[in-house]
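Below is one structure, written out as structure tokens; the observations come after it.
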Amino acid sequence: MQKKNHYFDDVFDVVRAIPRGRVSTYGTIADFLCLGSARMAGWALNKCHNAIPPVPAHRVVNRKGELSGRMMFEHPTKMQELLEAEGIAISENKVEDFEKLRWHPEESME
């Protein structure tokens, strides 16, 4: 059994729980995990590229619903493409209906 010894794994687990067609924020994830900073969640997601199972990092946006992490994908439009494939409308690098689509870990995690 592999020992969980890094907060990255906790961030990955929360992001994996975000339902298809919904988004969350770096701050929401950081608050849920008591990380102290949204940047801590962002830093972890910068390291998820080879995680197994995969981490749907495209579902995490900033507190305004903006695709602030888009430059960390293989090309700058990939994050938007992935979200649109899930039925999420994007306009000017921002999630439309952000508050309606915003997911909180409390909805489905203990």
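The values are calculated or read from the model by the stated rules, or taken from the named source; none is laboratory data. None of these values were measured; they are calculated from a predicted model. Neighbour counts are summed over all protein chains in view; Cβ atoms, including those assigned to glycine, are modelled from backbone coordinates with ideal geometry.
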* To do: Mind listing just one residue for me: the one in the range 78-110 that is part of a helix (DSSP H, G or I) and under 13 Å from Ile18 (Cβ atoms) and, of those, modelled with the lowest pLDDT?
  => Glu107
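Which residues, taken from the range 44-87, are of a type in the set (Lys, Arg), in contact with a Lys or Arg (Cβ under 9 Å, 6 or more places away or on another chain) and closer than 18 Å to Ser24 by Cβ? Outline the logic, then answer.
Of the residues in the range 44-87, the ones of a type in the set (Lys, Arg) are 47, 59, 63-64, 70, 78.
When the remaining residues are screened for being in contact with a Lys or Arg (Cβ under 9 Å, 6 or more places away or on another chain), the result is 59, 64, 70, 78.
Across the range 44-87, the qualifying residues are Arg59, Lys64, Arg70.
Take the residues in the range 23-67 that are of a type in the set (Gly, Ala, Ser), in a loop (DSSP other than H, G, I, E, B) and at pLDDT below 95, then tell me which one is surrounded by the fewest Cβ atoms within 10 Å (Cβ to Cβ). Give the steps one after another, and end with the answer.
Within the range 23-67, the first condition is being of a type in the set (Gly, Ala, Ser), and the residues that meet it are 24, 27, 30, 36-38, 41-42, 44, 51, 57, 65.
Of the ones still in play, those that are also in a loop (DSSP other than H, G, I, E, B) are 36-37, 51, 65.
Cutting the leftovers down to at pLDDT below 95 gives us 36-37, 51.
On the way: Gly36: 9, Ser37: 12, Ala51: 16.
Step by step, filter the range 23-67, then rank; the result is Gly36.
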* Structure fact -> Inside the range 64-110, the number of residues satisfying the requirement of being among the charged types (D, E, K, R), touching a residue at least 24 places away in the same chain (Cβ under 8 Å) and within 16 Å of Val15 (Cβ to Cβ) is 3
